[in-house]
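The values are calculated or read from the model by the stated rules, or taken from the named source; none is laboratory data. Source: prediction; values computed, not measured. Methodologically, a virtual Cβ is constructed for each residue, glycine included, from the backbone with ideal geometry; neighbour enumeration extends over all protein chains shown.
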Amino acid sequence: MAKPMPSEAANEFIPGWEMVIGLEVHCELKTRTKLFCGCTNSFGHEPNTNICPVCLGLPGSLPVINESAVELAVRIGLSLNCKVDESIFHRKNYFYPDMPKDYQVSQYERAINENGYLELPLSKKMVRIERAHIEEDTGKSTHVGGGGGRIHGADHSLVDYNRAGIPLVEIVSAPDLRSADEAREYVSELRAILVASGASDGKMEEGSLRVDANVSVRRLGSEEFGTRCEIKNLNSLRSLVRAIEYEAQRQVELINSGERVIQQTRHWNEDQGVTTAMRSKEEAYDYRYFPEPDLVPLSPSDEWIAEIQGRIGLLPAARRERMASLFASVSAGSTLDQIVTAVGLGLDDLVVAAVECGADPKLALARATNEVASDIGNLSNLTVANFSDLLMMEFESKLSATQAKTVLSKMLESGSGPQEVAKSLGFEALDASILEGLVDQVISGSPKEWERFSMGEDQLSGFFIGQVMKLSKGRADGKAVTSILRSKRA
Ligand SMILES: [Zn+2]
């Protein structure tokens, strides 16, 4: 039977159907060392240089739990409103070359964090968090030559154990999400929480956050869940949305053509924009879980949990409130969107500090979520003082909006101050008397237009501004020209 081909317009979900989505997010913890040994936890080193007998699973080696990993896991649980409780470690047995021990130490029956929730910032929807448990990461295999990076068709495979044993927290949501957009909003908010709590750097592109999506479909109004498929290792928000929409569409078309959805684990192919079957879904008994005999139960005291609570910084919801307080009113719309973006990208401290230095809040928010956000890699080049100076120059019309944007992007590139950059670009503001001279020159050269403008044809101000711009070679500020024109007419 021919494989159903989901149509191009997968963005418009099929009327009469509903998606049911639950997400499992693996988050690498920002510790100095691995979960059970003293090896360095960091990204991008030479393969197989951060390894030892423990993380290689050599016979006779014994794990010692990393206290700071447990603390960060507790921070995540508290930030997600979970109950933090006594938990135990299990061995999850499976055979694969990226897992040197042939088992992964994870938490199975009793997770350290259970029964929490997260509120989506725009839709205000509550998403239940079933659990957020601690486990160790696997190594990383690379399949070389043919096969497009997949094992099938590859000439040979390489394994790097630097990642084996890095502490992870796996955050499992209930199947409460109903669209790809909600899934994206959930992951953005979760990432902001993980970063704000100090638990993770949240870098999806480096694999610090990896998302598996459980997707099923059902007819609108139905209470029953459909058969789900799990899409593995989605490592960007864009892939997450595309993969979910493709997969839901595929399932609906299968059902509509009289076939059955088979429960399986699927792989997202970014280039072709399709999910493909990897393997039929494992059940828990396939892993032969049993309690890890080399580790005692984890039982954080109430005092320690309270101490940890005190070390969690301002979380995104509180950060959004702090931002909103800068504005007279924030209703649904562009300002709220910008606030959510600024907090999601960690730019809210910059905006708040600039406003405290006297900058206009709306302008600060706009420049942060547009120009600064688009060059966020260079954020460290931008001081609060320079940013607020630039905003003041724009607010006082010493720079036009277009000029201010250009200056800001150069400031991010070079780390220089706004005056210096504006001068180097020839953006120095024209002295008021020079500007007035230019306006007079234009008026005497266009007496008819001036007469009509004087009679109240306001739309002609655009003509005059254009002429002054030309004379000044683009250095004049439109707002300043307008006010000179108005004063001369009066
Ligand atoms: Zn090690």
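Between 97, 47, the distinction of being at negative phi and within 16 Å of the ligand (Cβ to nearest atom) belongs to 47 only.
Applying the criterion of at least 1 residues that are more than 16 Å from the ligand (Cβ to nearest atom) and aromatic (Phe, Trp, Tyr) to the strands (runs of 3 or more DSSP E) found wholly in the stretch 106-191 leaves 113-119. Within the stretch 60-73, residues that are in the same structural domain as residue 103 (by TED's automatic domain parsing) and surrounded by fewer than 22 Cβ atoms within 10 Å (Cβ to Cβ) sit with their Cβ atoms under 9 Å from residues that are assigned to a loop (DSSP other than H, G, I, E, B) and among the acidic types (Asp, Glu), at 6+ positions apart or across chains, in these pairs: 62/294; 63/292; 63/294. Of the candidates 202, 198, 313, 221, the single residue that is surrounded by fewer than 16 Cβ atoms within 10 Å (Cβ to Cβ) and touching a helix residue (DSSP H, G or I) at 6+ places or on another chain (Cβ under 7 Å) is 313.
With respect to being on the phi > 0 side of the Ramachandran plot and modelled with pLDDT of 90 or more, residue 456 falls outside the description. Against the condition among the small types (Gly, Ala, Ser) and in contact with an Asp or Glu (Cβ under 7 Å, 6 or more places away or on another chain), how does residue 208 come out, does it pass? It is true that residue 208 is among the small types (Gly, Ala, Ser) and in contact with an Asp or Glu (Cβ under 7 Å, 6 or more places away or on another chain). Keeping to the stretch 85-123, report how many residues are farther than 17 Å from residue 294 by Cα, at pLDDT 95 or above and among the hydroxyl-bearing types (Ser, Thr, Tyr). Result for the stretch 85-123: 1.
Of the set (1) at pLDDT 95 or above; (2) outside any helix (DSSP H, G or I); (3) exposed (fewer than 13 other Cβ atoms within 10 Å of the Cβ), all apply to residue 318 but (2). Can residue 165 be described as in the same structural domain as residue 49 (by TED's automatic domain parsing), touching an Asp or Glu at 6+ places or on another chain (Cβ under 7 Å) and not polar (S, T, N, Q)? The answer is yes for residue 165.
Annotation: of all residues in the stretch 389-439 being part of a helix (DSSP H, G or I) and touching a residue at least 40 places away in the same chain (Cβ under 8 Å), the one that is surrounded by the most Cβ atoms within 10 Å (Cβ to Cβ) is 408. For the stretch 50-68, filtered to residues that are farther than 20 Å from residue 103 by Cβ and among the polar types (S, T, N, Q), the residue that is nearest to the ligand (Cβ to nearest atom) is 50.
Looking across the stretch 173-186 at every residue that is of a type outside the set (Gly, Ala, Ser) and in contact with a helix residue (DSSP H, G or I) (Cβ under 6 Å, 6 or more places away or on another chain), the one that is surrounded by the most Cβ atoms within 10 Å (Cβ to Cβ) is identified as 177. Scanning the stretch 8-41 for residues that are surrounded by fewer than 16 Cβ atoms within 10 Å (Cβ to Cβ), within 16 Å of the ligand (Cβ to nearest atom) and touching a residue at least 12 places away in the same chain (Cβ under 8 Å) yields 32, 38. Scanning the stretch 39-63 for residues that are among the aliphatic types (A, V, I, L, M) and over 20 Å from residue 293 (Cβ atoms) yields a count of 1.
So which residues in the stretch 351-374 are within 23 Å of the chain's Cα centre (by Cα), modelled with pLDDT under 95 and more than 18 Å from residue 401 (Cα to Cα)? Correct list: empty.
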